[in-house]
1. May I ask you to list the residues in the range 24-38 that are among the β-branched types (Val, Ile, Thr) and touching a Ser or Thr at 6+ places or on another chain (Cβ under 6 Å)?
2. Among the residues of the range 99-126, which ones are under 25 Å from ASN49 (Cβ atoms), touching a Lys or Arg at 6+ places or on another chain (Cβ under 8 Å) and open to solvent by 10 Å² or more (accessible area, probe 1.4 Å)?
3. Evaluate the range 38-48: report whether one residue or more is over 22 Å from the mean Cα position of the chain (by Cα), over 21 Å from TYR192 (Cα atoms) and outside any helix (DSSP H, G or I).
4. Go through GLU156, GLU186, GLU174, GLU190 for me and flag whichever is more than 29 Å from HIS54 (Cβ to Cβ), out of contact with any helix residue (DSSP H, G or I) (no Cβ under 8 Å at 6 or more places or on another chain) and surrounded by fewer than 21 Cβ atoms within 10 Å (Cβ to Cβ).
5. For the range 57-77, which residues satisfy the criterion of being open to solvent by less than 40 Å² (accessible area, probe 1.4 Å), under 17 Å from VAL119 (Cα atoms) and part of a helix (DSSP H, G or I)?
6. Can you list the helices (runs of 4 or more DSSP H) found entirely within the range 119-231 that contain at least 2 residues being at pLDDT below 85?
7. Of all residues in the range 78-98, which are buried (at least 17 other Cβ atoms within 10 Å of the Cβ), of a type in the set (Val, Ile, Thr) and touching a residue at least 40 places away in the same chain (Cβ under 8 Å)?
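The values are calculated or read from the model by the stated rules, or taken from the named source; none is laboratory data. Not measured: the values here are computed from a predicted model. Virtual Cβ from ideal backbone geometry, glycine too; neighbours counted across all protein chains shown. Note: accessible area is taken over every heavy atom of the protein model, side chains too, but ligands, DNA and RNA are not part of it. Shrake-Rupley method; radii C 1.70, N 1.55, O 1.52, S 1.80 Å.
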Amino acid sequence: MKELYPLSCALLLLLMTSLKPNDACEYAQSNIHFIKTQTEKALSKEDINLTRYHAYKALNAIEKSKQHMKECGCDHATVGIEESNHLLKEATKVESISDSKNLLKRSLLNTEESLGAIVAHAADKKTPLPNVPKDSLGSRHVVVAEAKRIEQPSEELKKNIDSALEKYRVSLDEVVITVDCKAAREFAQEIYEECEEELLQPNLSEGRKYYNLKTKKITAAALSQIGECEY
């Protein structure tokens, strides 16, 4: 990953701004995607302790998602996530890895259905939803500090963030083209996952929400372009 250091520093300098909001359903979708990812990771483990670790991360994400789910108002998705919550809790209690995986599979199915329900609900409301990913190496702290320092009208602030993130997109495209596939994918995946983690924080400012959602979307597109690497 050494070859990424100069690019990482460059990206850090490009991401010095902060943000404004979107629809609650968009945040709920991002949260549910994180729950789905952690459940999948739990299913992939053969060690019961690692399985429980990822199941607990999914449970924690469900707890942090409740307000967004409520504000979104999609009852179908809420019911599915509640069932996922119950099954994940049961999966952390059993001693057998096979029993745990059976519960996790059922939980994952409910989570995937909830994700689909959120997308359909948002479409009914004519609310556009991005597919997507996260921010770069420590820059988020600088971004937040800058956002607190500068008082700007929402649209102007949003425009500034979009401008900075366009530069990030160009730099990330350069990473995809010039850096080894595995290193580039690890770099982008790390950014994507950090954005998801950040979006689960309970008292996130509207600027930080907007920033992380936009960064997540850009990084998701890069991950799709990279595809699966041959190891």
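1. Within the range 24-38, the subset among the β-branched types (Val, Ile, Thr) is 32, 35, 37.
If the condition is that a residue be among the β-branched types (Val, Ile, Thr) and touching a Ser or Thr at 6+ places or on another chain (Cβ under 6 Å), then ILE32, ILE35 are the ones that fit.
2. The answer is LEU108, and nothing else.
3. The first filter runs over the range 38-48 and keeps only residues over 22 Å from the mean Cα position of the chain (by Cα), leaving 46-48.
Narrowing further to those that are over 21 Å from TYR192 (Cα atoms): 46-48.
This time we only want the ones that are outside any helix (DSSP H, G or I), so: 46-47.
Taking every residue of the range 38-48 in turn, at least one turns out to be over 22 Å from the mean Cα position of the chain (by Cα), over 21 Å from TYR192 (Cα atoms) and outside any helix (DSSP H, G or I).
4. Working: GLU186 fails: more than 29 Å from HIS54 (Cβ to Cβ); GLU174 fails: out of contact with any helix residue (DSSP H, G or I) (no Cβ under 8 Å at 6 or more places or on another chain); GLU190 fails: more than 29 Å from HIS54 (Cβ to Cβ).
Result: GLU156 is the single residue among GLU156, GLU186, GLU174, GLU190 that is more than 29 Å from HIS54 (Cβ to Cβ), out of contact with any helix residue (DSSP H, G or I) (no Cβ under 8 Å at 6 or more places or on another chain) and surrounded by fewer than 21 Cβ atoms within 10 Å (Cβ to Cβ).
5. SER65, HIS68, MET69, CYS72, ALA77
6. Values: elements: 139-149, 154-178, 181-199, 206-226.
Correct list: 139-149, 154-178, 206-226.
7. ILE81, THR92
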